[in-house]
Amino acid sequence: MPEIGRFLDRAAHRRKDLDFLEAQLGAGHTRVLPLWREQHLLVGDELFLPRLRDAGHWLDAGGELVWLGERGSEAYFALDISALDAPLARPAPEGATELSDLLPLLMRLPHPQIELAFFARAILLWHARHRYCGSCGRPTKPRQGGHLRVCSGSECGAQHFPRTDPCVLVLVTDGDRCLLGRQREWPNGMYSALAGFVEPGEMLEQAAAREVLEETSVQIGELSYVGSQPWPFPTSLMVGFSAPARSTEIRLADAELEDARWVSREQLRAGNRPDFFVPPPLSLAGRLLNAFTTCAPAPAWSPQR
């Protein structure tokens, strides 16, 4: 699982400092992470992170520019370059050789760069989807380094902050086996822990129990929190739990799952096969399954590390 929070200092106190942000735009230590129609630019197996002062052609395209934060002496911005027809064409900064969606990159990128990519993707998608005020319909304008949009209507002036959709992920266990499901649109053979979005007015624990019951008719016992992971596809936060089963008969109660089954540790230890495989360990689902398979607690994350 990506070691989120160990690379970038988001430096939220800088977002309202316009003089500081202006100074970073031309500074030699400032880098930009461009995003083109939800795709990333690459150099080999790493993100393309040119210096911002060399990206004038991209800046002229008028896309959103968002302050991401600092690492040591370097500053980072995200930049939406979707208005360009050919992002790899010169006079853009030289060096990028490839365009790719983010999901296929999760097994390629260094973990610190996954943090940057998750952040940039989520915040730029939020900008793209909130150009108009949800209260009155007027255009909104970015503020605070791109972490706020304000309605342009003087009589409205509503403030809109980035939002994240919480989603529970539950590994249900019954002794030496766990409950996995698959959705029809997933790659053939892929199974994972059960998941679902939290509804308004609902606690995480309530959502976890409801989702498992709705999808499989299985009742669960006391939940144990394991960890969380940002998942910007488009704007989710995965919150992971494990829970013992109080009932074991599977009945697919809705059309969300194509199949659900109990899978033993022995089957999981046998490794992935073409007809059955699970998410990789870098995902929260993979982390839950790896901890179950090895009979070890999932490693905790500490911001002090």
(message) Cut-off 10 angstrom, C-alpha nodes, Gaussian network model of the chain. Which of Pro274, Pro93, Pro110 fluctuates the most?
(response) Pro274
(request) Quick one: which residues, 5+ away or cross-chain, put their amide H under 5 Å from the amide H of Leu148? H built at 1.01 Å from N. (result) Arg143
(request) Go through the stretch 234-271 and name the trypsin sites (Lys or Arg not before Pro) that are in a DSSP coil and have 15 or fewer other Cβ atoms within 10 Å of their Cβ. (result) Arg246, Arg251
(message) Using the Karplus curve 6.51 cos²θ - 1.76 cosθ + 1.60 with θ = phi - 60°, what ³J(HN,Hα) values do you get for each residue of the stretch 142-157, in whole Hz, with x for Gly and Pro?
(response) x, 9, 6, x, x, 10, 7, 10, 10, 4, 7, x, 5, 7, 9, x
(request) Roll a 1.4 Å probe over the protein chains and send me the accessible area per residue for the stretch 211-289 in Å². (result) 48
(message) If you take percent of Cα pairs over 31 Å apart from the coordinates, which of (i) 25; (ii) 39; (iii) 28 do you get?
(response) (ii)
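Given 0.36 nm per residue, what is the gain on full extension from His57 to Asn272 after removing their alpha carbon distance, in nm?
Between His57 and Asn272, full extension yields an extra 72.8 nm.
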(message) In Å², and per residue, what accessible area does the stretch 107-201 have when probed at 1.4 Å with the other protein chains present?
(response) 47
(request) Report in % the part of the accessible area of the stretch 159-216 that belongs to carbon and sulfur, leaving out ligands and nucleic acids; probe 1.4 Å. (result) 53
(message) Computing the accessible area with a 1.4 Å probe over protein heavy atoms, can you report the carbon and sulfur percentage for the stretch 72-124?
(response) 55
(request) With a/c under 1.5 counting as rounded, go ahead and sort the stretch 191-285 into rounded, prolate or oblate using the C-alpha gyration tensor (a ≥ b ≥ c being the square roots of the eigenvalues; past the cut-off, prolate if a/b is larger than b/c, else oblate). (result) oblate
(message) Using amide H atoms built in the peptide plane, which far-off residues or other-chain residues are under 5 Å from Phe241 H to H?
(response) Leu169, Val170, Leu171, Val226
(message) Report the rotationally averaged projected area of the stretch 137-225 based on its alpha-carbon convex hull, in square nanometres.
(response) 9.7
(request) Please turn the phi angles of the stretch 128-134 into ³J(HN,Hα) values with the Karplus equation 6.51 cos²θ - 1.76 cosθ + 1.60 (θ = phi - 60°), one per residue in order, whole Hz, x for glycine and proline. (result) 4, 9, 10, 6, 10, 5, x
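What number, in percent, do you get for the relative contact order of the stretch 52-158 if the mean sequence gap of Cα pairs under 8 Å and at least 6 apart is divided by its residue count?
Once normalised by length, the contact order is 22 percent.
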(message) Sort Cys136, Cys151, Cys295 by heavy-atom solvent-accessible area, probe 1.4 angstrom, most to least.
(response) Cys295, Cys136, Cys151
(message) Applying a 10 Å radius around every beta-carbon, put 225-235, 15-25 in order of their mean neighbour count, most first.
(response) 225-235, 15-25
(message) Could you check the spin-label model distance between Glu94 and Asp174? Points 7 Å from the Cα along Cα→Cβ, value in nm.
(response) 6.3
(request) Set the Förster radius R0 to 22 Å, insert the Cβ-Cβ distance between Glu214 and Leu237 as r into 1/(1 + (r/R0)^6), and round the FRET efficiency to 0.05. (result) 0.60
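Based on DSSP H runs of at least 4 residues, each adding -39500 (n - 2.57), what is the mean residue ellipticity at 222 nm of the chain after dividing by all its residues, to the nearest 500 deg cm²/dmol?
Value at 222 nm, helices only: -6000 deg cm²/dmol.
The values are calculated or read from the model by the stated rules, or taken from the named source; none is laboratory data. Please read all numbers here as calculations on a predicted model, not as lab measurements. Cβ coordinates were reconstructed from backbone atoms using ideal geometry, including for glycine residues, and neighbour counts include every protein chain displayed. Accessible surface is based on the protein model in full, side chains and every heavy atom, while ligands, DNA and RNA are left aside. Shrake-Rupley method; radii C 1.70, N 1.55, O 1.52, S 1.80 Å.
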